[in-house]
Amino acid sequence: MIKDRLKQARIASGMTQDEVVGALAAKGISLTKGGLSKYERGGSIPKPSVLRALGRILGVDSSYFLEEPSITVRWLAFRKASRMGKARQERVKAQAESELESLLALRRALDPAATPEDLPPRTRVRKLEDAELAADGLREQWRLGDQPIESVTAAIEDGGGVVVESGGDEDLFDGLSGWANNTVPVVVVSPAVSADRRRFSIAHELGHLFMDTGKVDRGTEEKLAHRFGAAFLVPAACARRELGAKRRRLEFRELAMLKQKYGLSMQGWILRAADLGIIDPSHVRTLFAEMSSRGWRREEPVGFEGKERPQKLRQLTVRALAEGLLTCQQAERILPGVTREMEEVQVAGALSARSLLQMPREERDRLMKQASALVAQDYQDGGALSGLELLSEEDHLDRSVDD
């Protein structure tokens, strides 16, 4: 147990064995790299003092090393850059598994009687048209209709799955998917990529999770997952409703508007139109050549403000704090910064004047300063309250529609 937990914590922290040994030496604890390796292989067990030091260095409580892992993850697909080395790949997986373990533990603690969500069965997919049907079927199972999806992440979380952000600020991978305990679908995405790219990656990974592609080669499997992702974001009926059944040419302005409406990139819309036979391959080449000449292949002229940040772990952590199941220290270990965020949303106006007066002056001043900062923008030019002085008493009186 200790050996697996120690290795997982070290990999998740991004530290090498040499770096851990150096950090221990800085704390006055002598340990060789071979000794640390022996701990991770289970050849020996660290003394309690060493275990506590290792916990502080790796950012976990020492009790973490003594807990039986509660999950196993079967990873299916990892879409990444070729320059992403093995160590970084393992770190992304270890970070995701650690967050996933915390989330599922909170789920069980907060609702022990809950039964697992009924997940849609995997759909047999052998050709691109099958991927379209599989995407439509998942939308139907999750009652998403055929309208734009506000948040694919929220749809997964509401359906019993988990979305995790991992990988830091480096743009080295798009998506990773797998099954936790063979029952919980897991999608891992990078926070370093644009909102529309992250959104498509999540939909793409859903394809790996809910399609049974049989024994196809990796390239074919990726094409099927791409088709699934595009169809999940923009069903064929929606694409034809927005673009028409057949077009000679598409305008970049309409592609920009559709990107902001559906969260699929302009380039994604071009490919979607081609997949459905709405435009001819020759026009696809023309559009992509024009986008390249304008520098839009790397950065499109309009962005997409999506809502694809995972919220379930934060929600459960705050709930567990409110119900007394976690201490602030435990909550911080699960989600660093969460207690500070909770303090920042407190407003002095939520307290009575009597409560404020009974507080120490330093605490009272801090809360008042927070409250002032929260509402300051409303009083600036153009803010929500900036025009109130222009209204006279007469302006507030209802008038008959005949006046």
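Some points to look at:
- Pairwise FRET efficiency - Arg366 versus Arg314, Cβ, R0 = 22 Å, nearest 0.05: 0.40
- Pair-distance profile P(r), taking every C-alpha pair of segment 260-308, with 5 angstrom steps and integer %: 5, 21, 26, 23, 18, 6, 2
- Based on C-alpha pairs under 8 angstrom that are at least 6 apart in sequence, the chain has a relative contact order of 14 percent.
- Compactness relative to 2.2 N^0.38 Å, alpha carbon Rg of segment 18-174: 1.40
- At the listed q of 0.11 Å⁻¹, the Debye profile of the chain, built from one uniform point per Cα, gives log10 I(q)/I(0) equal to -1.00.
- Contour excess over end-to-end distance, with Cα ends at Ser37 and Leu66 and 0.36 nm allotted per residue: 8.6 nm
- The stretch between Asp169 and Arg253 holds 27.1 nm of extra length on full extension. This uses 0.36 nm per residue minus the Cα-Cα distance.
- Summed side-chain charge close to Lys312 - residues other than Lys312 whose Cβ falls under 11 Å, Lys, Arg +1, Asp, Glu -1: +1
- Per-q log10 I(q)/I(0), segment 123-293, q = 0.20 Å⁻¹ (Debye; single scatterer per alpha-carbon; no solvent): -1.44
- With a Förster radius of 22 Å applied to the C-beta separation of Lys261 and Glu140, the computed FRET efficiency comes to 0.55.
- Taking the inverse of the mean reciprocal distance over all distinct Cα pairs, the Kirkwood hydrodynamic radius of segment 1-69 comes to 11.6 Å.
- Taking label points 7 Å from Cα along the Cα-to-Cβ direction, Phe288 and Ala195 give a separation of 2.7 nm.
- Cross-link partners of Lys259 among lysines, defined as those whose alpha carbon lies under 25 angstrom from its own and excluding same-chain residues fewer than eight positions apart: Lys80, Lys223, Lys246, Lys307.
- Full-stretch length increase - Trp75, Glu305 - with 0.36 nm per residue and alpha-carbon distance subtracted: 79.9 nm
Laboratory data are not the source of any read-out in this text; all were calculated from the coordinates shown. Keep in mind it's a predicted model, so treat the numbers as computed, not measured. Virtual Cβ from ideal backbone geometry, glycine too; neighbours counted across all protein chains shown.
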